[in-house]
Amino acid sequence: METRAQAPGARSPFPPALSAVAVVKRFGQTTALDDVDLDIAEGECVALVGESGSGKTTLLRSFNCLVRPDAGRIAVAGRDAATLDAIELRRSIGYVPQDGGLLPHWRVGRNVELVLRLQGAIDGIPARADDALRMVGLDPTVFRMRWPRELSGGQRQRVAIARALASRPTVLLLDEPFGALDAISRADLQQSFAALQAGQTNPMTSVLVTHDLHEAFLLADRIAVLRRGRVEQVGPPEDLLSRPATEYVRELLARARITWSDLAPLAVRQERR
């Protein structure tokens, strides 16, 4: 019988930007999150990985109150999320849903400006939106006036990320943002996101949900492996390879064909930082 090890790294030594403490969430008879603990430090990128139904997206959406836990505590910058205005919290956190969520009846520029306008910004909205487009590698003179239907899948995802970044949030939540793209567009966006992380002058905390362990190894400082609503292990990619906490983690890495060679992109990214 498998013994579930205490998840190493579940408690960061640094003040957490995001925190989940004994979080439980049920949907009817299904337990989506089962006593989940996770701290995410300021400026850290943590990937949530696991099979479908493991609780990755539920945990991600708990951090911006799109999901309310049945028990336990979610904290943002040390403040209990249950005591915060949920709408204001969501407007302060960058969020990229699985399908991008662009409004089809708004042009690209207006889509990117959405959160700025919701926050009540008055001055410089178009300029700030243009800056965000440049951050994701899109020329605003080319793309600002286009409709979402005129973009490729990769371009739509770049616009969705630009919208999330336009207000310069300190926290960014990404729910499989590259999952529906072809291999070339996916690799290109992964590299763009890694460069974006490296180029940030102010710390930005990122949480990335992905089924792709290679993507997690490329982009994340730490990886949290979830299974049936519980955290199996949390740690840097090299810890998962060298010291898998459970047989499930070992099998997951083996099925994804993760090897020590997958650490090379991580080393390159850390050197850039």
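The values are calculated or read from the model by the stated rules, or taken from the named source; none is laboratory data. Not measured: the values here are computed from a predicted model. Neighbour counts are summed over all protein chains in view; Cβ atoms, including those assigned to glycine, are modelled from backbone coordinates with ideal geometry.
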Subset of the range 47-61, residues under 11 Å from the mean Cα position of the chain (by Cα) and surrounded by fewer than 24 Cβ atoms within 10 Å (Cβ to Cβ), comes to 57, 60, 61
Scanning the range 62-87 for residues that are of a type in the set (A, V, I, L, M) and either part of a loop (DSSP other than H, G, I, E, B) or surrounded by 16 or more Cβ atoms within 10 Å (Cβ to Cβ) (or both) gives 66, 67, 74, 75, 76, 77, 81, 84
Cβ pairs under 8 Å, 6+ apart or interchain, first in the range 90-119 and touching a residue at least 12 places away in the same chain (Cβ under 8 Å), second assigned to a loop (DSSP other than H, G, I, E, B) and among the aromatic types (Phe, Trp, Tyr), ordered by first then second residue, are 93/63; 104/147; 107/147; 108/147; 114/106
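So that you can scan it fast, the table gives a plain yes or no per residue for (1) assigned by TED's automatic domain parsing to the domain that holds residue 132; (2) without any contact (Cβ under 8 Å) to a residue 24 or more places away in the chain; (3) not small (Gly, Ala, Ser):
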{"position": "192", "(1), (2), (3)": "yes, no, no"}
{"position": "196", "(1), (2), (3)": "yes, no, yes"}
{"position": "204", "(1), (2), (3)": "yes, no, yes"}
{"position": "226", "(1), (2), (3)": "no, no, yes"}
{"position": "235", "(1), (2), (3)": "no, no, no"}
Condition set buried (at least 18 other Cβ atoms within 10 Å of the Cβ) and within 18 Å of the chain's Cα centre (by Cα), scope the range 10-36, selection modelled with the lowest pLDDT: answer is 12
Picking from 112, 108, 96, the residue that is within 16 Å of residue 208 (Cβ to Cβ), surrounded by 19 or more Cβ atoms within 10 Å (Cβ to Cβ) and not small (Gly, Ala, Ser) would be 96
Scanning the range 32-61 for residues that are part of a strand (DSSP E or B) and under 24 Å from residue 250 (Cβ atoms) gives 33, 34, 35, 36, 37, 38, 45, 46, 47, 48, 49
Among the residues of the range 135-158, the number that are of a type in the set (A, V, I, L, M) and either surrounded by 24 or more Cβ atoms within 10 Å (Cβ to Cβ) or at positive phi (or both) is 0
Task: Test for residue 99: is it under 21 Å from the mean Cα position of the chain (by Cα), of a type in the set (Asp, Glu) and assigned to a strand (DSSP E or B) - done: no
In the range 237-256, anything among the β-branched types (Val, Ile, Thr) and either within 19 Å of residue 44 (Cβ to Cβ) or crowded, with 19+ Cβ neighbours inside 10 Å (or both) is listed as 249
Note: among 132, 127, just one is part of a helix (DSSP H, G or I), surrounded by fewer than 22 Cβ atoms within 10 Å (Cβ to Cβ), small (Gly, Ala, Ser) and modelled with pLDDT of 90 or more, namely 127
Subset of the range 209-236, residues more than 16 Å from the chain's Cα centre (by Cα) and either surrounded by 24 or more Cβ atoms within 10 Å (Cβ to Cβ) or of a type in the set (Asp, Glu) (or both), comes to 231, 232, 233
Does residue 162 satisfy the condition of being part of a loop (DSSP other than H, G, I, E, B), small (Gly, Ala, Ser) and either surrounded by fewer than 22 Cβ atoms within 10 Å (Cβ to Cβ) or modelled with pLDDT under 95 (or both)? no
- Regarding residue 141, is this residue over 26 Å from residue 43 (Cβ atoms) and out of contact with any helix residue (DSSP H, G or I) (no Cβ under 6 Å at 6 or more places or on another chain)? yes
